[in-house]
1. Taking region 267-294 on its own, how many of its residues are part of a loop (DSSP other than H, G, I, E, B), under 34 Å from the mean Cα position of the chain (by Cα) and more than 27 Å from residue 364 (Cβ to Cβ)?
2. Condition first: touching a helix residue (DSSP H, G or I) at 6+ places or on another chain (Cβ under 8 Å) and either buried (at least 16 other Cβ atoms within 10 Å of the Cβ) or more than 12 Å from residue 251 (Cα to Cα) (or both). Now tell me which residues in region 273-296 satisfy that.
3. Within region 195-209, identify whether any single residue is at pLDDT below 90 and assigned by TED's automatic domain parsing to the domain that holds residue 344, and answer yes or no.
4. Being surrounded by 12 or more Cβ atoms within 10 Å (Cβ to Cβ) and modelled with pLDDT of 95 or more is the filter here, so list the residues in region 93-103 that pass it.
5. Could you please let me know if residue 256 is assigned to a helix (DSSP H, G or I), more than 12 Å from residue 306 (Cα to Cα) and in the same structural domain as residue 323 (by TED's automatic domain parsing)?
6. Could you grab me the full set of residues in region 99-135 that are under 22 Å from residue 154 (Cα atoms) and part of a strand (DSSP E or B)?
7. Looking for something crowded, with 17+ Cβ neighbours inside 10 Å and free of Cβ contacts under 8 Å to residues at least 60 places away in the same chain - is there at least one such residue anywhere in region 386-396?
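The values are calculated or read from the model by the stated rules, or taken from the named source; none is laboratory data. All values derive from a computational prediction rather than experimental measurement. Here the Cβ positions follow ideal geometry from the backbone for every residue, glycine too, while neighbour counts run over all protein chains shown.
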């Protein structure tokens, strides 16, 4: 045993904007919090926006298992073994829906796996998944992909431990771009008009480049009187998929059919007699039609978010919950199937806009690679904080009224179009 009682060592490396992104201090804090020690062997500071800093550090631990656990956690901060000469450790799954005990649990950052002496990018990057090579792909090129535990099958090869892995975390740019003024912290003091213009510019750019903007919206969009604003964005071809829950569809249809939301007249802001029944009557009319699409085709539904989505041909996914009334016939009540449908329509997204829905926003953030910008707008700062705290470092948070933001966003986009 060494003199200081830390006989197990490993040399790690990391590169990037380590100072600007606070990664250097986080790496050191992580080592100390595990009861380990570090010795910085070299640290080269990048002198331009294009140049990365480079760190070489020796990590010392009292136990081998503790060192391995620390190395796994340092991976998500961009650290990797200095000499990566070994392939990743693969273990075969011995039960459907289960991974080996020491499987590597992914982040949403770009990840590479070393197989056959080559570094391969992991596909379908997302957090809280395992890295799997399908058992059915023995004869084909081996492609590592992120897969939820429930989708693992017997014989699938699962990446375990920290060897043969590289993670590339997101970095804070040294020179703030046109959109990055909103990122970095949660604040209610940013000018909403400026934020709306920046978001509009990004959405217009995505459309021009042939990309996809996905909107994740809660019923507050309707309650705040912003349904028409979102509908106009859909008409303008700026929204390419709509993800939500049963409540958005219900109250959007209620507004279109009765002019109310939760029984309140949206024009006058007063309760309507027997208005509390309107949402149930709206559900009933749609169910009688057969589906939301058929309600539009039959002339039962003639305006609103759902109406414009059907007319524009953009996919809509409504995930069910235990509190749903009805529900709408289109609502997916099988949660696994709803998650898969969300993930399907998020794949290849260029921009995701989350509007006033905590659970759906957090769920979507978990499914996205960190390279996809996520704009979260909510009146409650805790919502945006929770998304960011879950590891979605790409979150651009704006604390404001969703209705006000959408009205401004739609106005800027309409003027530009």
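1. Our first condition is that a residue be part of a loop (DSSP other than H, G, I, E, B); within region 267-294, this holds for 267-270, 272-274, 290-291.
Restricting the remaining residues to those that are under 34 Å from the mean Cα position of the chain (by Cα) gives 290-291.
Those still in the list that are more than 27 Å from residue 364 (Cβ to Cβ) too: 290.
The number of residues fulfilling the criteria is 1.
2. 275, 278, 279, 282, 283, 285, 286, 289, 292, 293, 295, 296
3. yes
4. So the first thing to find is which residues in region 93-103 are surrounded by 12 or more Cβ atoms within 10 Å (Cβ to Cβ), and the list is 93, 96-100, 102-103.
Matches in region 93-103: 93, 96, 97, 98, 99, 100, 103.
5. In short, no.
6. 103, 105, 113, 115, 123, 130, 131, 132, 133
7. Looking through region 386-396, at least one residue is crowded, with 17+ Cβ neighbours inside 10 Å and free of Cβ contacts under 8 Å to residues at least 60 places away in the same chain.
Yes/no matrix, rows are residues, columns are (1) part of a strand (DSSP E or B); (2) more than 20 Å from residue 83 (Cα to Cα); (3) under 33 Å from the mean Cα position of the chain (by Cα):
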{"position": "32", "(1), (2), (3)": "no, yes, yes"}
{"position": "35", "(1), (2), (3)": "no, yes, yes"}
{"position": "40", "(1), (2), (3)": "yes, no, no"}
{"position": "48", "(1), (2), (3)": "no, yes, yes"}
{"position": "57", "(1), (2), (3)": "yes, no, yes"}
{"position": "65", "(1), (2), (3)": "no, no, yes"}
{"position": "68", "(1), (2), (3)": "no, no, yes"}
